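Undergrad: Okay, handing you the structure first.
The values are calculated or read from the model by the stated rules, or taken from the named source; none is laboratory data. Since the structure is predicted, the reported quantities are computational estimates derived from the model, not experimental observations. FYI the Cβ positions are ideal-geometry reconstructions off the backbone, even for glycines, and counts take in every protein chain you see. For accessibility, only protein heavy atoms count, side chains too; no ligands or nucleic acids. Shrake-Rupley method; radii C 1.70, N 1.55, O 1.52, S 1.80 Å.
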Amino acid sequence: MNLFPRLPEGGEPTKIRRRALAGYLGLAVGDALGATTEFLRPQEISSRYGLHQDITGGGWLNLKAGRVTDDTEMNLALGKALVNERDFKVEAVGHSFSEWMSSKPVDIGSTVRQGLKSFRRDGTTVQEENEYHGGNGAAMRLYPVVLATLTRPENFEPWAIAQAHLTHHHHESDAGILMIGALSRAAILLGQAAPLDQMILDWTQRYPQFSPKLFKGSYDGYIVNSIRCMLYYFNNTGSFEDCMVKIANAGGDTDTNAVLAGMIAGPFYGLEGLPSRWLKKLEKTVRGQIETQVQDLFEIFNPDLVEPNSPTL
Ligand code: MG
Ligand code: MG
């Protein structure tokens, strides 16, 4: 069993950067799509919206169409700390999250809030292990760490876990983060040639609780439920759009489940797989921040994947 298979890193730098961008834009459109149906049951979604398949805003947060939520914003905050420091410094990540919390975000999870309050109070960067920390809130903001470690995979685990423990310290959150990161990295480096089926088998042999499953209960923010749900729909759909629409209509923590799926389905299907009507709806400033951040993360952390005179994406 090889949870972190060696993957080729050379060749096709522009394709790799385009797939990396597809993951970031993919998680953002998933957030904007899923935010409308967050915390609803499937029956409530179908009676209110029929099939929810366009970015329309609304939902319990009463969003403007195209607005993203905490999920995308925390990715941007983490990526900002990586770019500013040109390195991973957990204190800088804490400050960036704290600054984001001060901006009065449209939504913030309770575990995230508590963790950031303790960081502000006494500089805590590692929470005590806690049985209530098994939410998906540390996994949902993982993507910039995947991007910053593409060519230095030995940094992935320590950085991914350190950013998580600022707010969440739970063995299933940690394991889920490593699994999603490994799948996302493979999809970015190899696209549809990535051995994702085998990797999902290997990971779920080690962690059977993450096995893709059509889960009939409530899709709450528990990391195990989120991973089961998003892997089930990733495995049982044939396009980025279908995967995201199914997740957004499945109910529960739809925005976050779609964000986690976006990190894998985005690079797997590539930029061409992202529905243009969703990209057009996505807030322009967020789209711009994502494009700039991907460019910066590659130039700083993966210079080997940026060819001289390579096109801006
Ligand atoms: Mg959210
Ligand atoms: Mg959510």
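Undergrad: Suppose R0 equals 22 Å; then what is the FRET efficiency for Glu12 and Asn235 from their Cβ-Cβ distance, rounded to the nearest 0.05?
TA: Using R0 = 22 Å, I get an efficiency of 0.30.
Undergrad: If packing is taken as the mean number of other Cβ atoms within 10 Å per residue, what is the order of 20-33, 132-145, 81-94, highest first?
TA: In decreasing order of mean packing, 20-33, 132-145, 81-94 become 20-33, 132-145, 81-94.
Undergrad: Taking 0.36 nm per intervening residue step and subtracting the Cα-Cα distance, what contour gain separates Glu154 from His171 on full extension?
TA: Result for the pair: 4.1 nm of gain on full extension.
Undergrad: Let me ask something else. What residues have an amide H closer than 5 Å to that of Leu63, excluding those fewer than 5 places away on the same chain, when H is modeled at 1.01 Å from N in the peptide plane?
TA: Gly58
Undergrad: Ok, one more. Order these peptides, 34-40, 13-19, 284-290, by their mean beta-carbon neighbour count within 10 angstrom, highest first.
TA: 34-40, 13-19, 284-290
Undergrad: Could you compute the FRET efficiency for Ser110 and Glu307, with r as their C-beta to C-beta distance and R0 at 35 Å, rounded to 0.05?
TA: Efficiency at R0 = 35 Å is approximately 0.20.
Undergrad: Something else now. Would you kindly derive the ³J(HN,Hα) couplings of segment 237-246 from the backbone phi angles with the Karplus curve 6.51 cos²θ - 1.76 cosθ + 1.60 (θ = phi - 60°), listing them in order in whole Hz, with x for Gly and Pro?
TA: Taking θ as phi minus 60°, the curve returns 9, x, 8, 4, 4, 5, 4, 5, 5, 4 Hz for segment 237-246.
Undergrad: Next up: Between Gly135 and residues 5 or more places away or on another chain, which pairs have amide H atoms under 5 Å apart, with H built 1.01 Å from N, and which residues are they?
TA: Placed amide hydrogens put Ile223 under 5 Å from Gly135.
Undergrad: How large is the convex hull of the C-alpha atoms of segment 13-305 per residue, in Å³?
TA: Per residue, the Cα convex hull of segment 13-305 comes to 112 Å³.
Undergrad: Then there is this: Quick check: residue separation of Trp60 and Lys117 times 0.36 nm, minus the Cα distance between them. What number comes out in nm? Intermediate values should be presented prior to the final figure.
TA: Working: separation 57, 0.36 × 57 = 20.52 nm, distance 2.49 nm.
Full-extension gain reported as 18.0 nm.
Undergrad: How large a share of the accessible area of segment 84-125, in percent, is made up of carbon and sulfur atoms when the probe is 1.4 Å and the other protein chains stay in place?
TA: With neighbouring chains kept in place, the figure for segment 84-125 is 42 percent.
Undergrad: Something else about it: Obtain the nm distance between the two label points defined at Glu272 and Ile300 by a simple spin-label model: each point lies 7 Å from its Cα along the Cα-to-C-beta direction.
TA: Computed distance between label sites Glu272 and Ile300 equals 3.2 nm.
Undergrad: A further question on this structure: Distance check, please: which entries in Lys80/Lys104; Lys246/Lys281; Lys104/Lys284; Lys89/Lys117; Lys80/Lys213; Lys104/Lys280 exceed 23 angstrom between their Cα atoms?
TA: Lys80/Lys213; Lys104/Lys280
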